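Novice: Before we start, here is the structure in question, set down as structure tokens.
The values are calculated or read from the model by the stated rules, or taken from the named source; none is laboratory data. Just so it is clear, the structure is predicted and the values come from calculations on it, not from any experiment. Reconstructed Cβ throughout: ideal geometry from the backbone, glycine too, with neighbour counts over all protein chains shown. Keep in mind that these areas ignore ligands, DNA and RNA; they rest on the heavy atoms of the full protein, side chains included. Shrake-Rupley method; radii C 1.70, N 1.55, O 1.52, S 1.80 Å.
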Amino acid sequence: MPARLPHRPPLAMKLWLSQRFGRARKMEASSATPGHALGKAMNIESIEHMVPNRVRIFLRNTRLVTILGTIILGVIIWAAVHVTLAPTEIRVAAGPPGGANVKFVELLAQKFATEHDKVQLHLVSTGGPKESAAAMTNDGADLAILPSTMSGSPDWPVVAILRQNVMALIVPTQPPAAPAKKEAATPPTKEASAAEKKDKAAKPEKGANQTKAAKNDKSAKDSKNAKNAKAADKGAEKAAAKDADKSDDADSKADGKDDTSSDADANAGNKLDKVSKLVGHRVAVVTGNEATKDLLAVVLNHYGVPLGQVQISLIDPKDIADAVKTQQIDALFVAGSATGQAINDVVAAATLNGQGPSFIPIDQAEGIAKRSPAFDSVDINAGTFGGNPPAPPDDIKSLSFAEYLVAKKSFHHDAVGTLAKLIYTSRLALAAAMPGEIKIAAPPTDKDARAVVHSGALAYLTDDQKTFFDRYGDDIFYGLLIFPIFGSAIAGVAGYFRNGGRTRRLRLLQRLLDLVHKARAAPSIEALDQIQVDFDHVVVAIIHQSEHEEYDQSVQMSFSLALDQVRFAIAHRRAILLEQPGADAKPGAKAAAA
């Protein structure tokens, strides 16, 4: 009679018990050779299949994969929208502090902040154009305001022209000289003429007395004629004396006129009205504007004026009035907007007692402009610099140069395009906020222009700016076409792993069924023991797979039936062999002989 089978726990409890008492089984297996080999095989298999099995588990969970994929897609879309709509921060270098360039950047940043635009400007204050260029080179700024005369500025593309600067050589009004003291002496010419009159009057009178004494016996008629002749002689002498006095006065006036004309010619020769006459004079470069010693050197070198023979110094605008009164300077050099505050302040400081300063024209400006492309020739009309009297009093010729807003070539195309759009659309408001200082103009977009335009600004100026969908529409379209392909590929891979797991489960079930057939046909107890060992291996494989796969109820029922069948077949065959010891010995002997 076969032995009674023990009570069989459900598969879920078996799996839990196997995980709970895994260590205990390993300890027990280490005491026996077959068990030790079994535990070793299970550990190696676990290590080899740990990572792939984790991936398979994740891909088989369709709901989890869908949720996680949706989250990842949402994060990608949010990041794209955030990057696209996030404000662009731009660092602009400008100087010197308190100048028109710094005020322009501050005004522009304030305007953009008020309008909540997508551009945020940050001022990088510098000491002047050279420091601004150094900040661009050292990655301390993204944009800078530089004059066209700055060496190296053509290497950076232009975003906008802020204004045209002009140069002015101003000769301040000289204070009046102290008057000289006059002498009270009588001119010697008048004294000499009076003495001559007395001598002439005495001589005719003496001759008349001698004639009268010698001719006393003549008649009354002759004496009357003599008296008439004497009177006529006295009238002639008086007329001659008057003519002599008039001629002397005329000579003295002529001499005075000659002296005045000679003084005027001397003053005209010493007047500073040409650049070449600056030799030996003191020229002060006004700070706080676009004027520099290098710009003055360009003008002086062109006219052949040695720099060593001109005393060049720097002067603060607030010190100009005192320097003019004390005659410490002979000429002032300033550069800036023709209608800006810098030149107007210098003209006002150089005006004394209502008499305006004079100006030295740069009459060879066209020649300088041809030799250096950074300059242009300009005609300054009378009264451009304001003042009363108007300054300059007449039209003069001078040099001009542009003030550029430049950017790095590598700076973002779209950011510069957005900045250019905001600048050009706000140019009237900016000009009204800084009257006379800002006159924004677009740089030439020709290929042979002297300045290269930034690609972002060029896109705006040529109406070639693209919207978000213009730039990324094609990518989105092709992405929507390609994404289903990737989705299908992912689904195929997941199906492959799912089918692979099903195949492994079927193989395990098939091994259990094969053990059932072997157990029923086992010839001996030793064969049954080997079948029991194989059965334990299959159970371990089932437990290992259950750790990485989630079995549904139908799979659990299939494994439960197969395991019960194997146990029943082994127990049934063992009971039969134990009841027939002779039959068991014979096959055992045959096996030993083999």
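Novice: Identify the single condition in (1) closer than 20 Å to S455 by Cα; (2) in contact with a strand residue (DSSP E or B) (Cβ under 9 Å, 6 or more places away or on another chain); (3) open to solvent by 20 Å² or more (accessible area, probe 1.4 Å) that T137 does not satisfy, given that it satisfies every other one.
Specialist: (2)
Novice: Which pairs turn up if I take residues in region 57-81 that are farther than 18 Å from G473 by Cα and look for partners that are at pLDDT below 75 and open to solvent by 80 Å² or more (accessible area, probe 1.4 Å) with beta carbon separation below 7 Å, at least 6 apart in sequence or on another chain?
Specialist: Correct list of pairs: R60/R498.
Novice: Name the helices (runs of 4 or more DSSP H) wholly inside region 311-392 in which the number of residues that are farther than 30 Å from A451 by Cα and open to solvent by 20 Å² or more (accessible area, probe 1.4 Å) is 2 or more.
Specialist: Fully inside region 311-392 and qualifying: 320-325, 341-349.
Novice: Can you find a residue in region 547-555 that is open to solvent by 30 Å² or more (accessible area, probe 1.4 Å), at pLDDT 80 or above and acidic (D, E)? Working first, answer last.
Specialist: Initially, region 547-555 is screened for residues open to solvent by 30 Å² or more (accessible area, probe 1.4 Å), giving 547, 550, 552-554.
Imposing the further condition that a residue be at pLDDT 80 or above reduces the set to 554.
From what is left, the residues that are acidic (D, E) are none.
Checked region 547-555: no residue is open to solvent by 30 Å² or more (accessible area, probe 1.4 Å), at pLDDT 80 or above and acidic (D, E).
Novice: A further question follows. Does any residue of region 258-272 turn out to be closer than 22 Å to G336 by Cβ and at pLDDT below 95?
Specialist: Within region 258-272 (the criterion being closer than 22 Å to G336 by Cβ and at pLDDT below 95), the answer is yes, since at least one residue qualifies.
Novice: Okay, moving on. For region 404-444: of the residues being in contact with a helix residue (DSSP H, G or I) (Cβ under 6 Å, 6 or more places away or on another chain) and free of Cβ contacts under 8 Å to residues at least 60 places away in the same chain, which is farthest from P157 (Cα to Cα)?
Specialist: This residue is K421.
Novice: Let me ask something else. Scan region 332-347 and give yes if some residue there is among the acidic types (D, E) and closer than 25 Å to E403 by Cα, otherwise no.
Specialist: yes
Novice: OK, next. Conditions first: (1) of a type outside the set (S, T, N, Q); (2) open to solvent by 50 Å² or more (accessible area, probe 1.4 Å); (3) under 26 Å from A291 (Cβ atoms). E115 passes all but one, so which condition is the exception?
Specialist: If we test E115 against (1) of a type outside the set (S, T, N, Q); (2) open to solvent by 50 Å² or more (accessible area, probe 1.4 Å); (3) under 26 Å from A291 (Cβ atoms), just (3) comes out false.
Novice: Give me the pairs: first residue in region 374-385 and in contact (Cβ under 8 Å) with a residue 24 or more places away in the chain, second residue buried (at least 19 other Cβ atoms within 10 Å of the Cβ) and part of a loop (DSSP other than H, G, I, E, B), beta-carbon distance under 6 Å, and six or more apart or on different chains, which are they?
Specialist: Close Cβ pairs (under 6 Å, with a partner that is buried (at least 19 other Cβ atoms within 10 Å of the Cβ) and part of a loop (DSSP other than H, G, I, E, B)) amount to A374/S148; A374/T149; T384/A338; F385/A391.
Novice: Next question, about the same structure. Mind counting the residues in region 397-448 that are among the β-branched types (V, I, T), over 14 Å from the mean Cα position of the chain (by Cα) and outside any helix (DSSP H, G or I)?
Specialist: Adding up the residues that qualify gives 3.
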